[in-house]
Amino acid sequence: MRTITILLVMITAAQAQEHRVVAISHRGEHLHHPENTLPAFRAAIDAGADFIEVDVRTTSDGRLVLSHDASVDRTTNGHGEVARMTFEEIRKLDAGAKSGAEFAGTEIPTFEQVFELAKGKIGVYIDAKSISAKDLVETVAKFGMDAHVVVYGGIGLHREVRKLNPRIRIMPEANSVEVVTRLIEELTPRVIAFDARDFRDEVIGVVKKAGAEIYVDRLGPADTPESWEDAVRRGATGVQSDKPAELVKFLRQKGWHK
């Protein structure tokens, strides 16, 4: 009887290890903190997330800063497009002004500040909105984070990143069976991104066969325990959520997270 019990424990442990799932915090913990800011990233780290997702853009004078939108209007007290603003102009903005008095004076972070905070604590999921492959690769290398990032962006950027530093994991969008098949043949990515539109069993099957990891968005109405479980059961090895603390707790309860 003791032998059977030990075997059952070993099998359960092996299954949990096999289903190790990474928790990705979308724009940091932004439901209670201003998105894409250091407070949001610190909260994601405290929640036990494995990655923070950051949106990177380039200012008119070539500096790398965080902003999901092309303009700063929605998230700050300013107006204008990031690409038409200087770094000095960006740094004068208050990224916490619309998130309550406790966050007043929060700056838009630089890309480098993300790595200064993340190094040794959390991985960085780079959503390359407007950044050159050269700038991206050089920044990652400066902080020795090659093995701790994934890069989401366009096919052109992925080709360049792969050429400049093949150790960095590029993460193209799956889109469809036909598209993901071509991506796998050309780029042999180790991670493929999915959203609600392309997270279909026939597309998932192609990626599984290739042995690549599957990182899927579960945002909005899909950001629920039921949807997280469905994603993992169907093959997800990473889940992106707006609720990192809840996601981590759920994954741990299932034995899918450290």
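The values are calculated or read from the model by the stated rules, or taken from the named source; none is laboratory data. Bear in mind the structure is a predicted one, so any value in this text is a computation, not a measurement. Cβ: placed from backbone, ideal geometry, glycine included. Neighbour counts: every protein chain shown.
In the range 1-47, what residues are among the β-branched types (V, I, T) and at pLDDT 95 or above?
Residues satisfying the conditions are V21, V22, I24, T37, I45.
Condition test on V161, is it at pLDDT 95 or above, part of a helix (DSSP H, G or I) and within 23 Å of I204 (Cα to Cα)?
It is false that V161 is at pLDDT 95 or above, part of a helix (DSSP H, G or I) and within 23 Å of I204 (Cα to Cα).
Could you give me the residue pairs with C-beta distances under 7 Å whose first residue belongs to the range 229-258 and is charged (D, E, K, R), whose second residue is outside any loop (DSSP other than H, G, I, E, B) and buried (at least 19 other Cβ atoms within 10 Å of the Cβ) wherever it lies, and which are 6+ apart or on separate chains?
R234/I204
Are any of the residues in the range 104-119 surrounded by fewer than 21 Cβ atoms within 10 Å (Cβ to Cβ) and over 27 Å from G48 (Cα atoms)?
No, because not a single residue in the range 104-119 is surrounded by fewer than 21 Cβ atoms within 10 Å (Cβ to Cβ) and over 27 Å from G48 (Cα atoms).
For the structure I just gave you, tell me whether G80 is under 18 Å from K142 (Cα atoms) and small (G, A, S).
No, not satisfied.
Of the residues E102, E89, E35, only one is charged (D, E, K, R) and in a loop (DSSP other than H, G, I, E, B); which?
Every option except E35 fails the conditions.
Which of the residues that make up the range 134-151 are part of a helix (DSSP H, G or I), under 22 Å from D69 (Cβ atoms) and among the aliphatic types (A, V, I, L, M)?
L136
Using beta carbons and a limit of 7 Å, which pairs, at least six apart or on different chains, have the first residue in the range 183-211 and closer than 22 Å to I168 by Cβ and in a helix (DSSP H, G or I) and the second one at pLDDT 95 or above and of a type in the set (V, I, T)?
These pairs meet every condition: L187/I170; V207/V180; V207/I192; V207/I214; A210/I184.
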